[in-house]
Amino acid sequence: MIDALFSEYGFSLNELQKEQFSKYREILLHYNEKFNLTAITDPYEIAVKHFLDSVVGEKHIPQGAAVVDIGSGAGFPAVPLKIYRPDLKITMLDSLAKRVRFLEEVIKTLGFSNAESIHIRAEDAAKGTFRESFFVAVARAVAPLATLAEYALPLVKVGGKFIAYKGPDVEEELAAGRKAVKVLGGKILSSEKYLLPDGSGRSLIVIEKTAPTPAKYPRGQNKPRLSPIG
């Protein structure tokens, strides 16, 4: 099933990748009974809405790039990206220890190299050694763009990219987030709409890091969420 779905979108999977996706689904469903990682439990929907959707953004990621996934949760989009693109160096950040433990189990079971899961808030990571240390940041279903940009862009090197996975209606979010993106040293390159095989709409917002993020960002005390820039 997953092989046909991926082929329809121009993605070819080898036997190891098909096996890794199958194992990932098994681990996800097993841990989901204890941790409530996802509301989607049907195998077809997992393949479409989690696995395939996560991989769509890989075309914007250079070979061998260091990628940080913000608020990784159950591992989307980072784990499917790593399965499809084993060349990537993946760091997954999450603020909940139980999700980090789950991701550590995924890394071990799937035999990933150059992958790690860290228990830390994105804003704390960006104030320390991780600041402007990744070539690509990704995030899926975390927060509105203005808030998300303040979490992501401080982690990205100048010349790198931030890829935000969004739903179909992003026009208002883009308009509201433009000032934040600019203030944080970014430039919106594109907003791409696409349909998944089940007909559900998605968007990818691609932002380039064009200048260093001012030192005062990201702000603490949950201000990116409570009082977004702009």
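A short reminder: the numbers here are calculations on the coordinates, not readings from a lab. The structure displayed is predicted, hence computed values, not measured ones. Neighbour counts run over all protein chains shown; Cβ positions are idealised from the backbone, glycine included.
Computed values, structure above
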quantity	calculated
Contact order relative to length of the chain, as percent, for alpha carbon pairs under 8 angstrom and 6 or more apart	16
Label assignment, Cα extents along the principal axes in Å derived from the structure, set (i) 53, 37, 31; (ii) 45, 33, 32; (iii) 46, 46, 39	(ii)
Local electrostatic count, Thr210, Cβ distance below 13 Å [Lys/Arg +1, Asp/Glu -1]	+3
From phi via Karplus (6.51, -1.76, 1.60), per-residue ³J(HN,Hα) for the range 105-114 in Hz, x at Gly/Pro	5, 4, 4, 5, 5, 7, x, 5, 10, 6
Amide H partners (placed H, <5 Å) of Ala66, local residues excluded	Lys89, Phe135, Val136
Residue order, fewest to most beta carbons within 10 Å, for Tyr165, Tyr194	Tyr194, Tyr165
Inter-label distance, nm, simple model (7 Å from Cα along the C-beta direction), Glu132/Lys157	1.2
Phi-based couplings in Hz for the range 124-140 (Karplus 6.51, -1.76, 1.60; Gly and Pro marked x)	6, 4, 6, 8, x, 5, 7, 4, 6, 10, 10, 7, 9, 10, 10, 7, 9
Ranked Ser54, Ser203, Ser227, Ser133, criterion: other C-beta atoms within 10 Å, fewest first	Ser227, Ser133, Ser203, Ser54
5 angstrom amide H check on Arg219, placed H, neighbours 5+ away	none
Karplus-derived 3J(HN,Hα), 6.51/-1.76/1.60, for each residue of the range 82-96, Hz, glycine and proline x	5, 4, 6, 10, x, 5, 6, 9, 10, 10, 10, 10, 8, 8, 9
Nearest-0.05 FRET efficiency for Thr210 and Lys98, computed from C-beta distance (R0 35 Å)	0.40
Cut-off under 5 Å, modelled amide H: who pairs with Ser117 long-range	Met92
15 Å beta-carbon shell around Ile27, net charge (K/R +1, D/E -1)	+3
Helix-derived mean residue ellipticity, 222 nm - over the chain, DSSP H n ≥ 4, -39500 (n - 2.57), to 500	-10000 deg cm²/dmol
Gap separating the Cα centres of the range 179-218 and the range 1-41, nearest whole Å	26
Candidates per trypsin sites (Lys or Arg not before Pro) in the range 155-230, loop by DSSP, up to 11 other Cβ within 10 Å	Lys216
Extended-chain gain in nm, criterion 0.36 nm per residue less alpha-carbon gap, Glu8 and Ser113	35.0 nm
